[in-house]
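The values are calculated or read from the model by the stated rules, or taken from the named source; none is laboratory data. Source: prediction; values computed, not measured. Cβ placement follows ideal geometry from the backbone for every residue including glycine, while neighbour counts extend to all protein chains displayed. All accessible areas refer to the heavy atoms of the entire protein, side chains included, with ligands and DNA or RNA removed. Shrake-Rupley method; radii C 1.70, N 1.55, O 1.52, S 1.80 Å.
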Amino acid sequence: MDHVVARYGEIGIKSKSVRKRMVALLEKRIRQKLDRQEIEYEFLDKIQGRIVIKTPHSADVSKRIAEVPGVVSTSPTILTGIDMESIRIASDRMEIIGDFGVRVNRSIAHEKTSGEIEKDIGERIQNRTKASVNLRDPNTWVEIDIREKYSFIFSERNRGSGGFPVGSEGALAALISGGIDSPVASYEVMTRGCDITPIYFYNRPIASEDHIARFEEVLRILTKFHPAKRWHYYIVDMEEVNTQLLEIERGRMILHRMVMFRIAEEIAVKNGLNGIVTGEAIGQKSSQTPENIAVTSSEVRLPILRPLLTRRKEDIVEAAKKIGTFELANMKSACSAFAPSNPATAMKMGEIELLKERVNFEELVEAAKKNIEKVTLKV
């Protein structure tokens, strides 16, 4: 097979002008992905929810571009005409392993019905290979997708994330710790078209340099979803803040979160970003109860996006495994070491105001602001 077909979904239901812009950006992102990998290819066409790529490395290209946000699925494919004779001849090139079935999808009127095409090609393959037909769960599904200009014949689908190409829906500051949740949250907003500027809060004196190394490895994994970008991140040294907050037991995590959001907003505004994304999920930590989420968000004007808010932990873990960040999350985090033995799960604003006075909260924010560094990620 010397072609790949990449399919998109939600993009196709946008208005004509938006769809045209998004498809052009998706094609650009695919090109950037393949150029970065120095893979030989050429674009052939864009037709009816499909982008067609010609390449001698179809299996590899299909897997790589399935990682591009906006792509629903990809297949190494045989490209042929829409007439029956072309489809018959092309089907002779299909490798059949075990039993097989034939499925036809048509977007146009045709000389034969889908059922007639399935029967015709099925009999031809059976005569050629002597393989058994299984229409329930075969080892090989031979799929025939008949479009306006071409037919695609294939037996493999690589699933993508779907959504929109990165950069089509603005940019966000992403709070990434290197644990399980925040990388998944960042990936989720990237699949919705948002670019991200990562922020890492270096929780000294509890965290070590190993934690920074883990965070950077997480970012290197995320770069495969936007490989052409020159990645930067911000690191915020929290030693002075944490030294003060360790003197407090109840409410420590809430104040810590509030400082983080204030700093994230400062960075976001400076860089013209549209909001802040976090990996918070309801009830997962003491600072993530509905009451405490309301308190920690109260001083921030930019929207705080929480794509994992109602997700179950096991689902987040599966997502982390899928994108490749789960193994990096095994290192014990500073967050768990920083948490008090008896954390507050429902702080009131009055209580928080008293704590803020006690620790000179604005001075803590200013101290954190003085310890922000912009770093270029070495990929």
(request) Output the number of residues of segment 208-247 satisfying the condition of being hydrophobic (A, V, I, L, M, F, W, C) and open to solvent by 10 Å² or more (accessible area, probe 1.4 Å). (result) 7
(request) Only residues that are under 24 Å from residue 110 (Cα atoms), of a type in the set (A, V, I, L, M) and surrounded by fewer than 17 Cβ atoms within 10 Å (Cβ to Cβ): list them for segment 121-180, please. (result) 135
(message) Quick check on this structure: which one of 31, 36 is farther than 21 Å from residue 145 by Cβ and at pLDDT 95 or above?
(response) 31
(request) Take residue 247 and decide whether it is over 25 Å from the mean Cα position of the chain (by Cα) and charged (D, E, K, R). (result) yes
(message) Restricting to segment 273-293, name every residue that is without any contact (Cβ under 8 Å) to a residue 24 or more places away in the chain and polar (S, T, N, Q).
(response) 288
(request) Please find, within segment 6-22, the residue that is least open to solvent (accessible area, probe 1.4 Å) out of those that are more than 16 Å from residue 73 (Cβ to Cβ) and in a helix (DSSP H, G or I). (result) 22
(request) Take segment 124-142 and flag every residue that is over 13 Å from residue 95 (Cβ atoms) and not basic (Lys, Arg). (result) 126, 127, 132, 133, 134, 135, 137, 138
(request) Pull up segment 230-289, narrow it to residues that are basic (Lys, Arg) and in a loop (DSSP other than H, G, I, E, B), then point me to the one that is nearest to residue 200 (Cα to Cα). (result) 230
(request) Hey, can you tell me all the residues within segment 226-274 that are in contact with a helix residue (DSSP H, G or I) (Cβ under 8 Å, 6 or more places away or on another chain) and hydroxyl-bearing (Ser, Thr, Tyr)? (result) 233, 234
(request) Would you check which residues across segment 284-322 are more than 22 Å from the chain's Cα centre (by Cα), over 19 Å from residue 174 (Cα atoms) and among the acidic types (Asp, Glu) and list them? (result) 291
(request) Would you mind stating whether residue 184 is over 30 Å from residue 65 (Cα atoms) and assigned to a helix (DSSP H, G or I)? (result) no
(message) If I filter segment 313-347 down to residues being of a type in the set (Gly, Ala, Ser) and in a loop (DSSP other than H, G, I, E, B), which single residue comes out as modelled with the lowest pLDDT?
(response) 333
(message) Looking only at segment 294-312, count every residue that is modelled with pLDDT of 95 or more and outside any loop (DSSP other than H, G, I, E, B) and tell me the total.
(response) 2
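Here's the yes/no breakdown for (1) modelled with pLDDT of 90 or more; (2) crowded, with 22+ Cβ neighbours inside 10 Å; (3) not basic (Lys, Arg):
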position: 249; (1), (2), (3): no, no, yes
position: 256; (1), (2), (3): yes, yes, yes
position: 265; (1), (2), (3): yes, no, yes
position: 275; (1), (2), (3): yes, no, yes
position: 278; (1), (2), (3): yes, yes, yes
position: 283; (1), (2), (3): no, no, yes
position: 292; (1), (2), (3): no, yes, yes
(request) Can you give me the number of residues within segment 197-218 that are more than 25 Å from residue 314 (Cβ to Cβ) and either in contact (Cβ under 8 Å) with a residue 40 or more places away in the chain or part of a loop (DSSP other than H, G, I, E, B) (or both)? (result) 11
(request) Sort out which residues of segment 37-51 are outside any strand (DSSP E or B) and either closer than 19 Å to residue 155 by Cβ or not charged (D, E, K, R) (or both), and write them in order of number. (result) 37, 39, 41, 48, 49
